[in-house]
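To start, the structure under review is shown below, and the notes come after it.
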């Protein structure tokens, strides 16, 4: 009789333990889903801000040169202004590019972090986040030789042709500083989230 009672108690304990495990598992799954959803919501929110900036920028350029000058000011008086817009048809990319780089701006749109302007021989370097979801610079690793990149700067369209696609370690600055000073170059930089390297897209003005 005692054995039967002990067995029943053990069954009840196992049953309650399994129920407890199930409840904990459900809570963990809900928490994971919540944080993933929150992450993608924040990315979507930043994307909307970037699109709004792009729309305002295009409208200003369309309707008044005065507004355009105040937005597209490439000197130190307006370090957080729009430097240019970048478009890569192959991967459906089109964003305004901020004139300077910091973490908050980088969450909204790509940022220029090296180079002066497109009128002189220079290496214009632009960084963008890689969210592995097609937003910002997530898909620049898909670019191949001879793919075209368009830069809209001071009411002109400049075409760059991709010359290389490669990776470097995070502390390797050679793609920024080691370049042909006689050419007009463009360098796009983003992270490889799998190995912490930097994905580099190098392009030359056509």
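The values are calculated or read from the model by the stated rules, or taken from the named source; none is laboratory data. A quick note: this is a predicted structure, and the numbers were derived from the prediction, not measured. Glycine gets a Cβ as well: all are built from the backbone with ideal geometry, and neighbour counts include every protein chain shown.
Worth pointing out:
- One residue from 130, 154, 146, 123 being farther than 13 Å from residue 86 by Cα and at pLDDT below 95: 130
- Candidate set from segment 121-152 (those that are closer than 16 Å to residue 176 by Cα and more than 9 Å from the chain's Cα centre (by Cα)); member that is surrounded by the fewest Cβ atoms within 10 Å (Cβ to Cβ): 121
- Pairs, first more than 17 Å from residue 190 (Cα to Cα) in segment 78-97, second modelled with pLDDT of 95 or more and part of a helix (DSSP H, G or I), C-beta under 7 Å, six or more apart: none
- Considering segment 184-206, and only residues there that are exposed (fewer than 12 other Cβ atoms within 10 Å of the Cβ) and over 22 Å from residue 91 (Cα atoms), the residue that is farthest from the chain's Cα centre (by Cα) turns out to be 195.
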